[in-house]
Amino acid sequence: MGNANRWRRFGVPVPAGGSKKEDGSPDYGLFGPGSIVWKVALHPSNIVFQSVAQWGLQLMYKPVTAGVRDQDPLARKVRQGKLTAFDYFERLQRNSGIHAPMWFGDTATAEGIWKHLYRIHSHVEGGVIDVGEPGLGGFSATGSREVMWAALTEMVGMLWVYEHFAWHGDTPPSRLSDEERDQYISESAAYLRLVGSPEDEIPHTMAEADALFDKYQDLFKKSETADIMPDTGQHFAQLMHEQIKNNWHPTQQKVIDLLNEFFNEPMPAVIASYPEKIQLWGAGWGEAQRAEGVKKLAGSQKRIRQMQESPETFQRALDVFWGPDGTELINVARELDEKVRVAL
C-alpha cells in the first residue's frame, strides 16, 4: 500500500486549524468547517470515489490527455515498452493523497503543495493537443487555462459524485439546492485562485461554471485522434493496454483487483453522474449509451452504498488512495466540521 512518503511532500502537512493566522484566529486553509466544499468532499462517497471521478473527468479534457500522452511518467514507460499494471496503479494511487493537503490543510500547506505540483508539471507542455485537430493548438500543464481546468474538474467531479453517490443512512443521494450549489462553486474559487486561474474566468455560481464548460467545449469533445502520439504516430492508450497485458506477472494481481474495484467497475456509473453535455462531449455517448449509463447508475446504488458504508472498504480506500497523512487530515477536518454543524 505504500508508506507516507508515497504521498508526502515537505514533511508532515499541517491540518486545517493546526496553525494561526496573523490575527490569532485558526487557519482553516482554503475552505474550513461549515463550508459546502467540506460537506461534499468529506462525505464517504468522495473518500471512496473521488479518484475515479477526477480521473474520468480530467481525461475528457484533451490538454490533460495530451500531457499524459507526451510527458507523464506513464508516457516514459510506454515509450520504453516497460509499462506494467503496477505503474498504472501507482500513478492513480497518489492522486487523492497528494491533493488532500490543499483541501484539508492550513494555508501554508495548501500553498506548498501547489508550488510542488507546479514545479513538477512545468515541463509538461507541447505544441499539439490533437493531431487530428491542429487548430486546437498546444498545451501547457502550468498555463492558466490548464491549471484552471485541472482544479475545476476536481471540484465539480466531487460535487457530481456527492449528488449521485452520497447515501445518508437510508436516504438516497440527491442534488444540492441551487443555493448550496452556487455556494460550492463560490467557495471553490479560492482553490482556482490558488493554482493561478485567470481571475476573470473563475466561476462563482453554477451557471457560470456551466457557461465555462460551454466556452471550452471543443477541448472536451471526444476525438479518435487525441491519443495518437505526435512523435511516433502510435496510439497511446492501445500501447498502454498492450504493454500491461504483455508485461503481466501474477504478483500484479492485487493491484489489478484494486483497479477493478475502485476504477474500472464504478467508471460507467461515475460518468453517468456527469451532466448530459459532458457525457455527449467527453465520453462520446449517444442517447442509447446515456440511457444505459443512467440504468447502470441506478442499478449500482446498492453497491455504491455498500462501498461507502462498509468499514473495510472505506478503510481500504483511505489506506490505498489517501495514505496516512491524507487520512489524518480528513479525520481532523471531519471533527472540526461536525462540531460546527452540530452547533448550527
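The values are calculated or read from the model by the stated rules, or taken from the named source; none is laboratory data. Remember, it's a predicted structure, so these values are computed and weren't measured experimentally. Positions of Cβ are backbone-derived with ideal geometry, glycine not excepted, and every protein chain shown enters the neighbour counts. Remember, those area values only see protein heavy atoms, side chains included, never the ligands or the DNA or RNA. Shrake-Rupley method; radii C 1.70, N 1.55, O 1.52, S 1.80 Å.
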The helices (runs of 4 or more DSSP H) lying wholly within segment 22-82 that contain at least 3 residues that are surrounded by fewer than 18 Cβ atoms within 10 Å (Cβ to Cβ) are 73-80
Considering Asp23, Asp27, Asp70, which residue is free of Cβ contacts under 8 Å to residues at least 12 places away in the same chain and out of contact with any Leu (no Cβ under 9 Å at 6 or more places or on another chain)? Asp23
Subset tally (residues that are within 11 Å of Trp281 (Cα to Cα) and surrounded by 14 or more Cβ atoms within 10 Å (Cβ to Cβ)) for segment 206-215: 1
Have a look at Glu154, Glu179 and point out the one that is touching a helix residue (DSSP H, G or I) at 6+ places or on another chain (Cβ under 9 Å), of a type in the set (Asp, Glu) and either open to solvent by 60 Å² or more (accessible area, probe 1.4 Å) or at pLDDT 95 or above (or both). Glu154
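Yes/no matrix, rows are residues, columns are (1) more than 16 Å from the chain's Cα centre (by Cα); (2) at pLDDT below 95; (3) over 26 Å from Lys277 (Cβ atoms):
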| residue | (1), (2), (3) |
| --- | --- |
| Leu57 | no, no, no |
| Met60 | no, no, no |
| Ala75 | yes, yes, yes |
| Leu83 | yes, no, yes |
| Glu90 | no, yes, yes |
So for segment 97-108 (the condition being farther than 20 Å from Ala141 by Cβ, over 20 Å from the mean Cα position of the chain (by Cα), of a type in the set (A, V, I, L, M) and in a helix (DSSP H, G or I)), does at least one residue qualify? yes
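For every residue, the table says whether it meets (1) more than 27 Å from Ala108 (Cα to Cα); (2) exposed (fewer than 13 other Cβ atoms within 10 Å of the Cβ).
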position: Ser186; (1), (2): no, no
position: Pro203; (1), (2): no, no
position: Asp218; (1), (2): yes, no
position: Ala226; (1), (2): yes, no
position: Gly233; (1), (2): yes, yes
position: Gln253; (1), (2): yes, yes
Test His164 against the stated conditions and say whether it is closer than 30 Å to Leu297 by Cα and open to solvent by 20 Å² or more (accessible area, probe 1.4 Å). yes
Filtered residues of segment 142-151 (kept if open to solvent by less than 30 Å² (accessible area, probe 1.4 Å) and either in contact with a strand residue (DSSP E or B) (Cβ under 7 Å, 6 or more places away or on another chain) or not small (Gly, Ala, Ser) (or both)): Thr142, Glu146, Val147, Met148, Trp149
Kindly list the number of the only condition in (1) at pLDDT 95 or above; (2) more than 20 Å from Trp103 (Cα to Cα); (3) among the aromatic types (Phe, Trp, Tyr) that fails for Trp38. (2)
Being free of Cβ contacts under 8 Å to residues at least 12 places away in the same chain and not in a helix (DSSP H, G or I) is the filter here, so list the residues in segment 1-20 that pass it. Gly11, Lys20
Given (1) open to solvent by 40 Å² or more (accessible area, probe 1.4 Å); (2) closer than 21 Å to Arg6 by Cβ; (3) not hydrophobic (A, V, I, L, M, F, W, C), Arg305 misses just (2)
Output the residue which, of all residues in segment 168-215 that are assigned to a loop (DSSP other than H, G, I, E, B) and within 19 Å of the chain's Cα centre (by Cα), is farthest from Trp114 (Cα to Cα). Pro203
How do the pairs read when you match residues in segment 271-291 that are without any contact (Cβ under 8 Å) to a residue 40 or more places away in the chain and open to solvent by less than 50 Å² (accessible area, probe 1.4 Å) with residues anywhere that are of a type in the set (Lys, Arg) and assigned to a helix (DSSP H, G or I), using Cβ under 7 Å and keeping only pairs 6 or more apart or on different chains? Gln279/Arg290
